[in-house]
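Taking it in order: structure first as structure tokens, then the write-up.
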Amino acid sequence: MAASAKRRKEIELALRLLAPHTPYFDAEQIREAAAAPHMRSLTAQNAVRLTLLAYIRHTYTDYDKLRDEGLDKDSALYWIQDQISEKLREWQALKLLPDSNYSDQ
């Protein structure tokens, strides 16, 4: 069943607030995934946050390649943090940037 118009509007607003410079194509993919039935129990903002991070991880990083090469989840996530942070900065998703544990030194 499709997400309600109210839910879609909440998702759109959450995406604009969390990552205002997300390109149109990427935003469409993120909105669709955040509106999926299994995300209904989450607030729109949490659904968008989780979807946005997963989308970036699988679309703009080497995460899947690293996992295919045998790295465990945590190790792969460690190696892609800079790629994720770069995309979050580009999309002005400043609230989602990781803490100083992953910042440039």
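A few notes on this one:
- Taking 0.36 nm per residue of separation and subtracting the current Cα-Cα distance, fully stretching the chain between H58 and S4 would add 16.8 nm.
- Residues whose amide H falls under 5 Å from that of L42, counting only those 5 or more places apart or on a different chain, are absent, with hydrogens built in the peptide plane.
- Protein accessible area in the chain, 1.4 Å probe - carbon and sulfur %: 51 percent
- Pairs of lysine residues in the chain - Cα separation under 20 Å, sequence separation of 8 or more or cross-chain: 4
- Unit charges at the beta carbon, dipole of the chain: most positive-side option, Q81, T43, L71: T43
- The distance separating the Cα centre of segment 1-45 from that of segment 58-86 comes to 24 Å.
- Rounded tilt (10° steps) of 73-90 against the dominant C-alpha axis of the chain: 60 degrees
- Whole-number accessible area per residue in Å² for the chain, which is evaluated in the context of all protein chains at 1.4 Å: 66 Å²
- For Cα extents along the principal axes in Å, the candidate list reads (i) 42, 28, 23; (ii) 39, 35, 19; (iii) 39, 37, 29; the entry that matches the value derived from this model is (i).
- For segment 1-82, applying the loop criterion from DSSP together with a ceiling of 14 other beta carbons within 10 Å to the trypsin sites (Lys or Arg not before Pro) yields R40.
- Placing +1 on the Cβ of every Lys and Arg and -1 on the Cβ of every Asp and Glu, with no other charges, gives the chain a dipole of roughly 740 debye about its Cα centre.
- Helix 24-34 axis, angle to the chain major axis (alpha carbon atoms, nearest 10°): 80 degrees
- Value at 222 nm in deg cm²/dmol, rounded to 500, when DSSP H runs of n ≥ 4 in the chain each add -39,500 (n - 2.57): -20000 deg cm²/dmol
The values are calculated or read from the model by the stated rules, or taken from the named source; none is laboratory data. Remember, predicted model here, so these are calculated numbers, not experimental data. All Cβ positions, even for glycine, are placed from backbone atoms using ideal geometry, and neighbour counts span all protein chains on display. The accessibility values were calculated without ligands, DNA or RNA, using every heavy atom of the protein model including side chains. Shrake-Rupley method; radii C 1.70, N 1.55, O 1.52, S 1.80 Å.
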